[in-house]
Amino acid sequence: MSLSARMIIVLTTVGLISGGFLAGVAKLTKERIAMNMQAEIEGAIEEVVDDVETSSVLYEEDDLTVFKGLAKDGDLAGFAVQATGVGFQDKITLMFGLDETLSKITGLTIIDQKETPGLGAKITNWDAFLQFWEDRDATGLLILRKPPARRRDELLEKEINAITAATISSRKVLEIVNLSLDNVRALIKEGKITKEGADGN
Amino acid sequence: MATKTIRAEYLKGLWDENPVFRQLLGLCPTLAVTGTVITGLAMGLATSFVLIFSSLVVSSIKKLIPSQVRIASYIVVIASFVTIADQFLKAYFFPISKALGPYVPLIVVNCIILGRQEAFSSRNSVGRSLVDALGMSTGFILALLVLSSIREILGAGTFLGYQIMGPWFKPWIIMILPAGAFMTLGILLGVALKIESKTKRS
Amino acid sequence: MELLIIFISALLVQNFVLYYFLGICPFLGVSKKIDSALSMGLAVTFVMSITAVVSWLINNLILIPYDLGYLQIVSFILVIASLVQLVEMFIRKISPPLYQALGIYLPLITTNCAIMGLALIAALNEYSFVETVIFGFGSGLGFTLAIVLMAGIREQLDLSDVPEPLKGAGIALIVAGIMAMAFNGFIGMLT
C-alpha cells in the first residue's frame with residue numbers, strides 16, 4: 001500500500017471514529033445541557049417574580065425576552081424581562097420582574113456578568129443593591145441614589161441604591177433596566193404584548 | 001537513554017519536569033482560571049482527563065500512524081477528549097462550566113498535551129505513557145493549586161469559597177485581576193529556579 | 001459604530017494577551033527582539049484574520065444548521081492547523097527570505113491559544129460575519145501590540161541587572177503584569 005493511501009486511510013479512520021464517538025457523547029449529554037440552561041432561566045424568573053409556578057415566552061428578540069409568569073392556580077403572577085446590555089467591562093445579562101399591572105418592578109437578579117472581580121462583580125450578590133430593587137416604580141425613568149440609602153423606605157420609588165466602589169457597574173445595570181422598560185413600553189403600545197398576555201389569557 | 005524506574009517516571013512531572021514551573025507550558029489556562037481554587041482545580045482535573053486518555057490512545061495506536069500525519073491525528077484525538085470534557089462539564093457541573101468559559105475548549109491547544117504526545121506517548125509503551133501522563137497531570141494540578149490558592153487567599157480572603165482571613169484583612173483585588181496572575185506566576189517561577197539552583201549546589 | 005467598539009475592545013480593552021491570557025507561549029518566547037516580535041505578530045494577525053473568516057463559515061454554514069455543535073472544537077483546530085500549513089507553503093513560495101526569517105515560528109502558530117481562542121470567542125459571542133472579521137483583525141493587532149511592547153521592554157531589560165532566578169520568563173511575567181495594569185486603564189474607555 002502506498003504511503004499516500006495509508007495516510008488518507010489512517011486520517012479518515014481516526015476522523016470517523018472520533019466523529020462517531022463524539023456524536024454518541026453529544027446525544028447522551030444534549031438533554032441534560034438543555035435542561036441546565038432552562039433551569040437557569042427558570043431559576044431567575046422564580047427569583048424576581050413572586051409566587052410564580054410556570055412561565056412562558058411572550059416576546060423574544062436579540063438581547064430582550066419577555067416572559068409571562070403564572071401562579072399555581074393559573075392566575076397571572078407577573079412578568080419577567082431578560083435583557084442583555086453593555087456593562088463596564090463586558091456584557092451584562094439580567095432578569096427583572098414586573099407585577100401584573102406592569103407598573104412595579106418586583107425584583108432583579110444578574111444572570112451573566114464579567115465586571116471587575118471584587119468590585120463591579122458585587123452586583124451579583126450585594127444585598128443592599130439587589131434587595132432594594134423590589135417595589136420600584138416602573139412607569140418612568142429610574143435613577144441612581146448615591147451614597148446608597150440604608151433602609152428601603154429611605155429610597156424614593158424611582159431610586160435605586162448604587163454600590164459604593166461599584167458605581168459604574170450599578171449604573172450600567174440601571175441603564176439596561178431603563179432601556180428595557182422603554183422597549184417593553186413600546187412593545188405594549190404596538191400591541192405586541194398586552195397586560196393580559198399575548199394569548200389573551 | 002537510560003530507562004527510568006516507574007516511580008521516577010511519575011515523579012519527574014511533579015518537580016524536575018513540572019510542566020508549568022520548569023517547562024513553561026500550558027500557561028494560558030494557568031493564568032486565566034486560577035482566580036479561585038475551585039476553578040483552578042476544575043481546570044486541572046479536566047486537563048488531566050484529556051492528557052491521560054490522549055496519551056493512552058496515542059501510545060496504543062502509535063505504530064499504525066504514518067509519521068507525516070501524526071500531528072493531525074494527535075490533534076483529532078486530543079480535540080475529541082476535550083469535547084467530551086466540555087460536554088460533561090456543561091451537563092453535570094453547569095456553574096463551573098460557565099465560570100471556566102472558553103478555557104475548557106482551549107485545553108486543545110494546551111502545549112502540555114500535544115507536547116507529551118510528541119515527546120513521550122508516541123515513543124513509549126502504553127504503561128509508561130500512562131505513568132508519564134499521571135505525573136505531568138499531578139504536576140500541573142499542583143501548580144494550579146499553588147497559584148490559585150495564593151490568588152484567592154490574598155485576592156478575596158477566601159479558600160474554596162470559605163472565608164479564612166479575618167475582617168481585618170483588606171483583599172488585594174489586584175490578585176484576582178490579570179496583572180496579579182502574571183506577577184504571581186513570575187515570582188513563583190523565580191522561587192522555583194532559586195530552589196532548583198540551591199539544591200543543585202548542595 | 002458597533003464595529004469600531006469591537007475593534008478597539010479587541011485591541012486595547014480586552015487585549016488578547018493581557019486580558020484573555022491567550023498567546024502567552026509566543027509572548028514569552030518570541031518577544032526578545034522587536035523585529036522578530038513584529039514579524040510574529042503580523043504573521044499571527046494574518047492567520048487570525050483568515051481563521052476568523054473560515055471559522056465563521058464553518059460554524060454558520062455547517063455546524064449550526066446541521067446541529068453538529070459538538071464538532072466545533074475538532075473542526076476549528078483542524079482548520080487552524082491546515083491554515084497554518086497553507087500559510088507556511090504560501091510564504092515559502094512568495095517570499096523565501098521572509099520564510100527564512102520566520103523560521104520555526106510559523107508551525108508554532110498552530111498551538112497559539114490566541115487563534116483558537118479567537119475562533120471560540122467569536123462563536124461564543126455569536127458575532128456576524130463582518131463582526132468576526134473585525135474581531136479577528138483587531139485581536140491580532142492587539143497581540144502584535146502586546147508582543148512588540150514587551151520586546152521593546154525586554155531589549156532594555158537585557159542590559160540591566162536582573163536577579164538570577166528571575167531572568168528570562170520570571171521577569172517577563174512580572175513586566176507583563178505591570179503592562180496588564182497599565183492596559184486596565186483602558187477599561188471604561190468605551191462607555
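The values are calculated or read from the model by the stated rules, or taken from the named source; none is laboratory data. Everything quoted here is computed from the prediction, not taken from an experiment. Cβ placement follows ideal geometry from the backbone for every residue including glycine, while neighbour counts extend to all protein chains displayed. Keep in mind that these areas ignore ligands, DNA and RNA; they rest on the heavy atoms of the full protein, side chains included. Shrake-Rupley method; radii C 1.70, N 1.55, O 1.52, S 1.80 Å.
For first residues located in the range C:51-67 and closer than 16 Å to C:Gly117 by Cα and modelled with pLDDT of 90 or more, partners that are hydroxyl-bearing (Ser, Thr, Tyr) and surrounded by 22 or more Cβ atoms within 10 Å (Cβ to Cβ) and lie 6+ apart or on another chain with Cβ distances below 7 Å form the pairs C:Ala52/C:Thr132; C:Trp56/C:Thr132. Tally the residues that are open to solvent by less than 60 Å² (accessible area, probe 1.4 Å), within 27 Å of C:Ala10 (Cβ to Cβ) and in a helix (DSSP H, G or I), restricting the search to the range C:167-191. Number satisfying all stated conditions: 11. The residues of the range A:150-167 that are more than 14 Å from A:Ala138 (Cβ to Cβ), modelled with pLDDT of 80 or more and surrounded by fewer than 20 Cβ atoms within 10 Å (Cβ to Cβ) amount to a single one, A:Thr167. Every condition in (1) more than 20 Å from A:Glu42 (Cα to Cα); (2) open to solvent by less than 50 Å² (accessible area, probe 1.4 Å); (3) not in a loop (DSSP other than H, G, I, E, B) is met by A:Ile105 except one, and the failing one is (1). Would a scan of the range B:182-196 turn up a residue that is over 28 Å from C:Leu18 (Cβ atoms) and surrounded by 13 or more Cβ atoms within 10 Å (Cβ to Cβ)? Within the range B:182-196 (the criterion being over 28 Å from C:Leu18 (Cβ atoms) and surrounded by 13 or more Cβ atoms within 10 Å (Cβ to Cβ)), the answer is yes, since at least one residue qualifies.
Against the numbered list (1) open to solvent by less than 10 Å² (accessible area, probe 1.4 Å); (2) at the interface with another protein chain (Cβ under 9 Å from one of its Cβ atoms), B:Gly44 comes up short only at (2). For the range B:137-157, the criterion of a residue being free of Cβ contacts under 8 Å to residues at least 24 places away in the same chain and of a type outside the set (A, V, I, L, M) is satisfied by at least one position.
Looking at C:Glu164, C:Glu155, just one residue is of a type in the set (Asp, Glu), within 12 Å of chain B (Cβ to nearest Cβ), in contact with a helix residue (DSSP H, G or I) (Cβ under 9 Å, 6 or more places away or on another chain) and open to solvent by 20 Å² or more (accessible area, probe 1.4 Å), and that residue is C:Glu164. B:Gly13 meets all of the listed conditions (1) touching a residue at least 12 places away in the same chain (Cβ under 8 Å); (2) part of a helix (DSSP H, G or I) but one, namely (2). Residue count for the range C:109-143 under the criterion of being more than 14 Å from chain B (Cβ to nearest Cβ) and either open to solvent by 10 Å² or more (accessible area, probe 1.4 Å) or among the aliphatic types (A, V, I, L, M) (or both): the result is 8.
Only a single criterion out of (1) more than 18 Å from the chain's Cα centre (by Cα); (2) open to solvent by 10 Å² or more (accessible area, probe 1.4 Å) is not satisfied by C:Leu149, namely (1). Applying the condition of being in contact (Cβ under 8 Å) with a residue 60 or more places away in the chain and among the aliphatic types (A, V, I, L, M) to the range A:42-69 and asking which residue is farthest from C:Glu126 (Cα to Cα) yields A:Val48. Selection of the range C:59-75 for residues being under 17 Å from A:Leu11 (Cβ atoms) and either more than 13 Å from chain A (Cβ to nearest Cβ) or not hydroxyl-bearing (Ser, Thr, Tyr) (or both) yields C:Leu71, C:Val74. Of all the numbered requirements in (1) within 18 Å of A:Tyr59 (Cβ to Cβ); (2) open to solvent by 50 Å² or more (accessible area, probe 1.4 Å), A:Trp126 misses one, and that requirement is (1).
Counting only strands (runs of 3 or more DSSP E) that sit completely within the range A:42-97, those holding 2 or more residues that are surrounded by 22 or more Cβ atoms within 10 Å (Cβ to Cβ) and out of contact with any Lys or Arg (no Cβ under 7 Å at 6 or more places or on another chain) correspond to A:64-70, A:76-86. Contact map, the range C:173-191: residues that are more than 8 Å from chain B (Cβ to nearest Cβ) paired with residues that are modelled with pLDDT under 80, Cβ distance under 8 Å, separation 6+ or inter-chain. Pairs shown: C:Ile187/A:Phe88; C:Ile187/A:Gln89; C:Ile187/A:Thr116; C:Gly188/A:Phe88; C:Thr191/A:Phe88. Annotation note: Cβ proximity below 9 Å between a residue of the range A:15-35 that is loosely packed, with under 14 Cβ neighbours inside 10 Å and a residue that is modelled with pLDDT under 90 and not in a helix (DSSP H, G or I) (sequence gap 6+ or interchain) occurs for A:Ala23/C:Leu68. Cβ-Cβ contacts under 6 Å between residues 6 or more apart (or on different chains), taken from a first residue in the range B:180-196 that is at the interface with chain C (Cβ under 7 Å from one of its Cβ atoms) and without any contact (Cβ under 8 Å) to a residue 12 or more places away in the chain to a second residue that is open to solvent by less than 10 Å² (accessible area, probe 1.4 Å) and part of a helix (DSSP H, G or I), are listed as B:Met183/C:Gly177; B:Gly186/C:Gly170; B:Gly186/C:Leu173; B:Gly190/C:Gly170. For the range B:121-137, a tally of residues being within 12 Å of the chain's Cα centre (by Cα) and open to solvent by 40 Å² or more (accessible area, probe 1.4 Å) returns 1. If only residues of the range A:79-104 that are among the small types (Gly, Ala, Ser) and modelled with pLDDT of 85 or more are counted, the one that is farthest from A:Lys122 (Cα to Cα) is A:Ala80.
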